[in-house]
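The values are calculated or read from the model by the stated rules, or taken from the named source; none is laboratory data. Keep in mind that what you see is a predicted model, and the values were worked out from it rather than measured. Backbone-built Cβ (ideal geometry, glycine too); neighbour counts: all protein chains shown. The area values use the complete protein model at the heavy-atom level, side chains included, leaving out ligands, DNA and RNA. Shrake-Rupley method; radii C 1.70, N 1.55, O 1.52, S 1.80 Å.
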Amino acid sequence: MTYSLRAPLAMLAAVAFFSLMDAGLKTLSTGYPPFQVACLRGAASLPFVLAWALWSGGVASLRVHRWSLHLLRGVLGVTMMVCFVYALQTLPLSTAYSIFFVAPLLITALSVPLLGERVGPRRWTAIAIGLLGVLVLLRPSGEGLVSVAALAVLVAATGYALSAIAVRVLGRTDSMQSMMVWLMAMIAVGAGALAWPDWVPIRAADGWVILGVGVAGALGQYAITEAFRVGEASLIAPLEYTALVWGVLLDLSLWGVLPDAITWLGAAIIVASGLYLLRRERVHVEAEHP
């Protein structure tokens, strides 16, 4: 495999693994409370992520320098996972993905007050158009997707955006291994503690689904880390939108549903805005570092 293909292929693999993981989460969400599913996701992936961290960086790579930001990511991780799992109880994967695609727009918008970055008028316009796409998906007329589930996806996307910004700051002092391992551990312990009062005994038949969630989540995390390690973010990030293809295929094959025209329209607006935003980001970086 040539070096030029390594990053995009790793990104495509990461999206595929995460989509399969989400299909497993959706399957589990019909029989277990959201907090318990979030706990199972963290606990199932933790052994694989820990093994990779120890293999790639040793025990020293798990050292934490900024516990406050790790704890913040833990809270955001539990919130994001619980909200997303809750939404999957009723929303198709493709619809949940379409709404969640607002996350890159939120990262850019939040980087202004939280990181002091400068965002020009063209990128603000792209963000505004993307948010319009979210409104199309939500259908505020009351006939469509304005529901607790849809709003839960927005909360999950906001949590993801805040966590991504925290990673930018943490990356200055802490290793990728420590960020991955401690996040999975905090999701497992935090969500598990909140799930304990209503814990549902795990059925033996779901053991393979839980194992699949753990393996797919760990492989997806490794693949996306590798993609961003060897590739340019502005070139490989657009491949995240291939999740919509996986969402449609999984919805059709597992649950027999397809997105309607309004969902396609809203998704198209958000994806187009995100792609334009990434293009402007690349232009901005090239202008600063000719």
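What is the distance, in nm, between label points placed 7 Å from the Cα along the Cα-to-Cβ direction at V167 and at W124?
Label at V167, label at W124, 2.8 nm between them.
Between W67 and R203, how many nm apart are label points set 7 Å from Cα along the C-beta direction?
For W67 paired with R203, the spin-label model returns 4.1 nm.
For V155 and W196, what does the FRET efficiency come to when R0 = 30 Å and r is the distance between their Cβ atoms, rounded to the nearest 0.05?
The pair V155/W196 has a calculated efficiency of 0.85.
Could you point to the residue in V181, V119, F101 farthest towards the positive end of the chain's charge dipole, with +1 and -1 charges on the Cβ of Lys/Arg and Asp/Glu respectively?
Going by the Cα projections, it comes out as V119.
For segment 53-154, what is the accessible area per residue in Å², given a 1.4 Å probe and the full set of protein chains? Walk me through the numbers on the way to the answer.
Working: 4830 Å² over 102 residues.
Roughly 47 Å² per residue, with all protein chains present.
With every protein chain present, what is the per residue accessible area of segment 216-269 (1.4 Å probe, Å²)?
49 Å²
Which percent of the accessible heavy-atom area of the chain goes to carbon and sulfur, probe 1.4 angstrom?
70 percent
Run the helix sum for the chain: -39,500 (n - 2.57) per DSSP H stretch of 4+ residues, divided by residue count, reported at 222 nm to the nearest 500 deg cm²/dmol. Write down the numbers at each step before the final one.
Numbers: 12 runs with 219 residues, N = 290.
About -25500 deg cm²/dmol.
Divide the volume of the convex hull of the Cα atoms of segment 153-275 by its number of residues and quote the answer in cubic angstrom per residue.
Expressed per residue, the convex hull around the Cα atoms of segment 153-275 is 162 Å³.
I need the P(r) histogram for segment 31-182: all alpha carbon pairs, bin width 5 Å from 0 out to the longest distance, whole percents.
All Cα pairs considered, the percentages come to 2, 9, 15, 17, 18, 15, 12, 7, 3, 1, 0.
Where does each of D174, D198 land when they are ordered by accessible area, with a 1.4 Å probe and the largest first?
D198, D174
Which one, G212, P92, L278, projects farthest toward the positive side of the charge dipole computed for the chain from Cβ point charges (K/R +1, D/E -1)?
Projecting each Cα onto the dipole axis, the largest value belongs to L278.
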